[in-house]
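Novice: The structure that follows is given in the form of structure tokens.
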Amino acid sequence: MKCESLDVWKFSCRISVEIYKYFREFKDYGFKDQITRSSLSVASNIAEGVEKSYNKEKIRYLEIAKGSVAELITQIYIGIEIEYINKDIGLDWIKRLNEISKMITGLSKYHKNQEIE
């Protein structure tokens, strides 16, 4: 299963691109670095996971991706509160990230079921 065929990978890449563009000219390097790295981590770990040979490895990387989603949501909430992120944009990202998290859970369950068979 190639990552390019997965909607969850496509959606997480899209959000990462949006975050990178949003913070392109941003001056607070620490915040910018952390939030862009978190966004990049979601899609990257999905990609790395689905390319692994063994289901346990796939699941491990998907769990890391899910953790990165939680980290990114936290950073977005903080960014909204400190007025680094437009509230409407941030809440849209959070809504989409919650959907991505659900998709990662579904993909993990699929691979866990493959282990049993």
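The values are calculated or read from the model by the stated rules, or taken from the named source; none is laboratory data. Given the structure is predicted, the values throughout are model-derived calculations rather than measurements. Here the Cβ is made from the backbone with ideal geometry for all residues, glycine too, and neighbour counts use every protein chain on show. Just so you know, the surface numbers come from the protein's heavy atoms only, side chains and all, with ligands and any DNA or RNA stripped out. Shrake-Rupley method; radii C 1.70, N 1.55, O 1.52, S 1.80 Å.
Novice: Tell me, what % of the accessible area of the chain is carbon and sulfur with a 1.4 angstrom probe?
Specialist: Carbon-and-sulfur percentage of accessible area, whole number: 52.
Novice: On average, how much accessible surface per residue is there in the chain, in Å², for a 1.4 Å probe, leaving out ligands, DNA and RNA?
Specialist: The answer is 60 Å² per residue.
Novice: The chain: D in µm²/s via Stokes-Einstein (Kirkwood Rh, Cα pairs, 10 °C, 1.306 mPa s)?
Specialist: 110
Novice: Viscosity 1.002 mPa s, temperature 20 °C: what is the translational diffusion coefficient of segment 1-46 from Stokes-Einstein with a Kirkwood Rh over Cα pairs, rounded to a whole number of µm²/s?
Specialist: Reported coefficient: 194 µm²/s.
Novice: Moving on. Which one, 82, 15, 94, has the greatest fluctuation when you compute a Gaussian network model over the chain with C-alpha springs under 10 angstrom?
Specialist: Result: 82 has the largest fluctuation of those listed.
Novice: Taking the simple approach of a point 7 Å from Cα along Cα-to-Cβ for both residue 21 and residue 113, what is their distance in nm?
Specialist: Going by the 7 Å Cα→Cβ label model, 3.6 nm.
Novice: List residues of segment 50-75, by number, whose backbone nitrogen lies under 16 Å from a label position 7 Å along Cα→C-beta of residue 2.
Specialist: 50-52
Novice: Just flag the chymotrypsin sites (Phe, Trp or Tyr not before Pro) in segment 1-108 sitting in loop per DSSP whose Cβ has no more than 11 other Cβ atoms within 10 Å.
Specialist: 54
Novice: Reachable lysines from residue 102, Cα under 29 Å, same-chain residues fewer than 8 places away excluded?
Specialist: 2, 10, 21, 32, 52, 56, 58, 66, 87, 112
Novice: Considering the chain as a Gaussian network with a 10 Å cut-off on Cα pairs, which listed residue, 59, 76, 89, attains the greatest mean-square fluctuation?
Specialist: 89
Novice: Specify the residue with the greatest mean-square fluctuation among 62, 91, 72, computed from a Gaussian network of the chain linking alpha-carbon atoms under 10 Å apart.
Specialist: Its mean-square fluctuation being the largest, the pick is 91.
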